[in-house]
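Please read the structure below before turning to the comments.
The values are calculated or read from the model by the stated rules, or taken from the named source; none is laboratory data. These figures come from a predicted structure and were not determined experimentally. FYI the Cβ positions are ideal-geometry reconstructions off the backbone, even for glycines, and counts take in every protein chain you see.
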Amino acid sequence: MRGRKPDSILAGSSPVLEVPKAPGWLSKDAKSEWKRVAPILVERKVLTDADLGTLESYCAAVGVVRECARQLAVDGLMLNGKRHPLYGVQHSAITDARLCAAELGLTPVSRSRPSIREDQEEDDDSPLGMARNRL
């Protein structure tokens, strides 16, 4: 992503405290991913009601990736002398899953970023604290 990143992120609504049930419309593979990931996010207290749509999108994309992988294993990467059309579908789903995973804090890079701490006040020496002091 381009551009300047915010110095701090304000906390939104309170975290989801119990693992929500996977939506019924998700595929079997997507529900499996939901059951694997949702408890991790709830335990970390990073999943909010506002994030449930992103979690659904992430799980749906992972489901598509797995479904494509199974079909590609049967058909092969080439179909009638050309690249199999599912390769493009799978590639797009992988990209979607990766982006959603980063939003949810499921990647090593996203977990290494500073997190929101409600109980921690900004230091006066921090960029945000210094800006507040100038006002």
Report summary line: The condition of being over 23 Å from the mean Cα position of the chain (by Cα), modelled with pLDDT of 90 or more, of a type in the set (A, V, I, L, M, F, W, C) and over 17 Å from PRO20 (Cβ atoms) holds, among LEU99, LEU77, LEU135, only for LEU77
Report task. Could you check SER92 against (1) surrounded by fewer than 16 Cβ atoms within 10 Å (Cβ to Cβ); (2) more than 10 Å from the chain's Cα centre (by Cα); (3) touching a residue at least 40 places away in the same chain (Cβ under 8 Å) and say which number it fails? Result -> (3)
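Only residues that are part of a helix (DSSP H, G or I) and surrounded by fewer than 17 Cβ atoms within 10 Å (Cβ to Cβ): list them for region 28-52, please. Even if it seems obvious, please write down each step before you answer.
Taking region 28-52 as the starting set, the residues that turn out to be part of a helix (DSSP H, G or I) are 28-44, 49-52.
Scanning region 28-52 gives LYS28, SER32, LYS35, ARG36, PRO39, ILE40, VAL42, GLU43, ARG44, ASP49, ALA50, LEU52.
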